[in-house]
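Asker: The following block contains the structure, expressed as C-alpha cells.
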Amino acid sequence: MRNGNGRNKAIGLCLQLLFCAWIALGATFTGSQAQQPTDGQQSNPENYRIRSMMAHGKYVFAGLYGYGEIYRSEDQGQSWKLMQSGVGKIVYKFGKAGETLFAGTLGGLYRSTDNGQTWDLVSNNGMSGLRGNAAAIGHNGKVFAGTDKGIYRSTDAGVTWTAAKNGLGDVAVHSLASMGKTVLAGTASGLFTSTDGGGSWQRAGDTGLPLGDVWDMVSIGKTLYACGTRAFMSSNEGQTWTELKYKSSSLLNTRSLAVVGETLFVGTRFKGIYRLTDSGLELADSGIPPRVQIFAMAGSGSVLLAGVYEEGIYRSSDLGQSWTMSNRGISNSK
C-alpha cells in the first residue's frame, strides 16, 4: 500500500507540473500573437465605435456610436476627455462656422459656442425631428446643415433654421463643403451645388463623379476632394471630377477624408488608409488592424488621427508611415 500511495503522489505531482507548463506555454503563445498595449489601453476595445472626428484650433473632437458621446483632446489626440453624452446616440458628423461648432447626431443638430465644452440642441428651432447627417458649415454669413431630409439654412449662427431644398428635395445629405461662391452637398443621390446661397440647388450631372453616396468632402487650396463609392478630385469647384486610383485601379468603399499640411488621406471600409502622392494613392496604414472601417479622420498640425470603428483612435505623426493606438480617457462601455 505504501508503494501505491507513493506512485499516486508522484503521478499527481507530474500532472500538476504538466498543467503549469501548458498554461505557461499558452500564455507565451498568446503573447506572441498581438502587440500588448501600453498605458492601460486595451488591445481590442470592441466598443470604441468612433463615428466622427474634427480638428478645431488646438482641439480635436471625436464622436461615438452608442450613447452619443463627444470627446475632446487638447494634445493632438494623445489623451481624451468626455465633454458630453446622450447627444442623439450616434454622432454622425462635426462641422463649424467660424468659432461656432456643430455636431450632427441621430437626435438632431447640436451647437457649441465654447470650443466644445458644452453642447445645446438647436434643431428644434426649425428642423425638429430630423437627423443631423451632415453637420453645419458656414458660407458668406449663412450656416448650412445637412439632414436626412434635405438642407436647412440659418442666418443667425445656427440658432434658428429654415428649409433650403429648392431643387434638392428631401434627399439625405451626408457631407457639405464650401468652395468660392459655391456650396456643395454630397447626398445619397450624388452631388448637388448652389451658387446663390442655398436659394436653389442643381445636380452636378455628368461631371465624372458617379451618382450615389458622397460621404465626405475636403479641400486643399483650390482643389476639392470627395469620396463615396470611390475617391475623386476637382480643380474647378466641382464642375468636373477626376478619379484617384491605387495602382491604376479604382479604390472602392472610400468613406472618410483628412488633410495634414498639403497631403490628402483617404479612409475606407475594410481596405485601409491611403495617402495621395504625385503618382497616385499609396497605402499608409502600417500598425492599424486589418479589415477595419475608417469612418472618420482628422488632421491636427502634423498629426493624423483615424477613428477605427470598434478599435478606437489611432495616431500617426509621420504622415501615416506608422500608427499607435491612442484611446486614453475614452470609455469603451456601450
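The numbers here are math on the coordinates, done by the rules we state, and not lab data. Predicted model, so just to flag it, every value in this text is computed and none were measured. Cβ: placed from backbone, ideal geometry, glycine included. Neighbour counts: every protein chain shown.
Asker: Using DSSP to define loop residues, name the GluC sites (Glu not before Pro) in region 49-105 whose beta-carbon has at most 14 other beta-carbon atoms within 10 Å. Spell out each step's value before the answer.
Answerer: Values: sites: Glu69, Glu74, Glu99; in loops: Glu69, Glu74, Glu99.
Taking region 49-105 and a limit of 14 other Cβ atoms within 10 Å, the loop GluC sites (Glu not before Pro) found are Glu74, Glu99.
Asker: Where a Cα-Cα gap under 12 Å defines reach, which aspartates and glutamates qualify for Lys247, not counting those fewer than 8 residues away within the same chain?
Answerer: Partners within reach: Glu282.
Asker: Among the GluC sites (Glu not before Pro) within region 171-262, which fall in a DSSP loop and have no more than 10 other Cβ atoms within 10 Å of their own Cβ? Before the final figure, lay out the partial values.
Answerer: Values: sites: Glu237, Glu243, Glu262; in loops: Glu237, Glu262.
Loop-located and lightly packed - Glu262.
Asker: Another question about this same structure. One-quarter of the Cα convex hull surface for region 48-325, in nm²? Please list the in-between numbers first.
Answerer: Values: hull surface 50.0 nm².
Over all viewing directions, region 48-325 projects a mean Cα-hull area of 12.5 nm².
Asker: Beta carbons within 10 angstrom, averaged per residue: use that to sort the peptides 247-253, 103-109, 117-123, highest first. Working shown, then result.
Answerer: Values: 247-253: 12.4, 103-109: 26.3, 117-123: 17.7.
Taking the mean over residues of other Cβ atoms within 10 Å, the ranking is 103-109, 117-123, 247-253.
Asker: If the cut-off is 23 Å between C-alpha atoms, which lysines fall inside it for Lys81, apart from same-chain ones fewer than 8 positions away?
Answerer: The qualifying lysines are Lys58, Lys89, Lys93, Lys96, Lys334.
Asker: Most exposed first by the Cβ proxy, i.e. fewest other Cβ within 10 Å, how do Thr324, Thr268 rank? If you can, show how the numbers build up before the last one.
Answerer: Values: Thr324 16, Thr268 22.
Going from least to most buried by this count: Thr324, Thr268.
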